[in-house]
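*Asks:* First, the structure itself, so that you have it in front of you.
The values are calculated or read from the model by the stated rules, or taken from the named source; none is laboratory data. What you are looking at is a predicted structure, and each value in this text was computed from that prediction instead of being measured. Neighbour counts are summed over all protein chains in view; Cβ atoms, including those assigned to glycine, are modelled from backbone coordinates with ideal geometry.
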């Protein structure tokens, strides 16, 4: 009789769990991160290429980013936050954070809370929030990180990574999965190439400046030579000196321009070699995998737990 009662209580508990449990949707994407050259080897190879040498794979890395780095980046609070503050689409300027708060009923809970008392929104691309709003956004990020985000490397021997996001909203799962990978890719590539890109920008400005100066010197040298043809013989020596100085300045500027241009092209080659590629293998596509809670399974599980608990109590009393 006690076991029957325990099974009934377990079934009722399973029914209650089934009634309040929401179906969820899992978005999955897999990708490969390819890093062709390490910083030292890539630049050395580029310089050697300018001189006609091929250093091959000197200084090359394994070709794949180590798993721990990409795993931690995808779970970074700042990158999850950046992904959540992107718009659902171009026509709806609603952030993913707002959609998340609405899907989970958080927006209504916050509005009815005595300490908050108003609807909270997280504008697209916002960077500054009040202390309260930032705390609420952090609670969403923490929930996603701990319960709904999974980043794995299925095979340790391969460079394939897998990102999964599971939420109650099908479209939201897909968008968070795609946006998080997007902002993480942008952050990694920018960080990896920031130093070399800075060098390229500085060299480009210097080359443009020298080119403008060289053009000025060229026009001046041509003008000096033209004046030399029409100059009074009494001032011929002075005219020849001006023409010689102009020609010398032009030659110096030409040499500097040639060396800077070579350095610029070397840096651009190095930048291309240093820029990693994140190649998506599988994109999440609608409809997503639906994680349903089946009534029969919850009833059987509830009955089993109830019977097991009753049996444990009976054995404990007898002992």
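*Asks:* Residue 145 fails exactly one of the following numbered conditions: (1) surrounded by 17 or more Cβ atoms within 10 Å (Cβ to Cβ); (2) assigned to a helix (DSSP H, G or I); (3) touching a residue at least 60 places away in the same chain (Cβ under 8 Å). What is the number of that condition?
*Replies:* (1)
*Asks:* Could you list, in sequence order, the residues of region 85-102 that are in a helix (DSSP H, G or I) and buried (at least 18 other Cβ atoms within 10 Å of the Cβ)?
*Replies:* 96, 97, 98, 99, 100, 101
*Asks:* Is region 73-84 home to any residue that is part of a loop (DSSP other than H, G, I, E, B) and in the same structural domain as residue 176 (by TED's automatic domain parsing)?
*Replies:* Yes, region 73-84 has at least one match.
*Asks:* Looking only at region 265-300, filter to residues that are touching a helix residue (DSSP H, G or I) at 6+ places or on another chain (Cβ under 6 Å) and under 30 Å from residue 26 (Cα atoms); which one of those is modelled with the highest pLDDT?
*Replies:* Among them, the one singled out is 284.
*Asks:* Looking at 205, 174, can you tell me which residue is in contact (Cβ under 8 Å) with a residue 60 or more places away in the chain and either buried (at least 18 other Cβ atoms within 10 Å of the Cβ) or part of a helix (DSSP H, G or I) (or both)?
*Replies:* So the residue among 205, 174 that is in contact (Cβ under 8 Å) with a residue 60 or more places away in the chain and either buried (at least 18 other Cβ atoms within 10 Å of the Cβ) or part of a helix (DSSP H, G or I) (or both) is 174.
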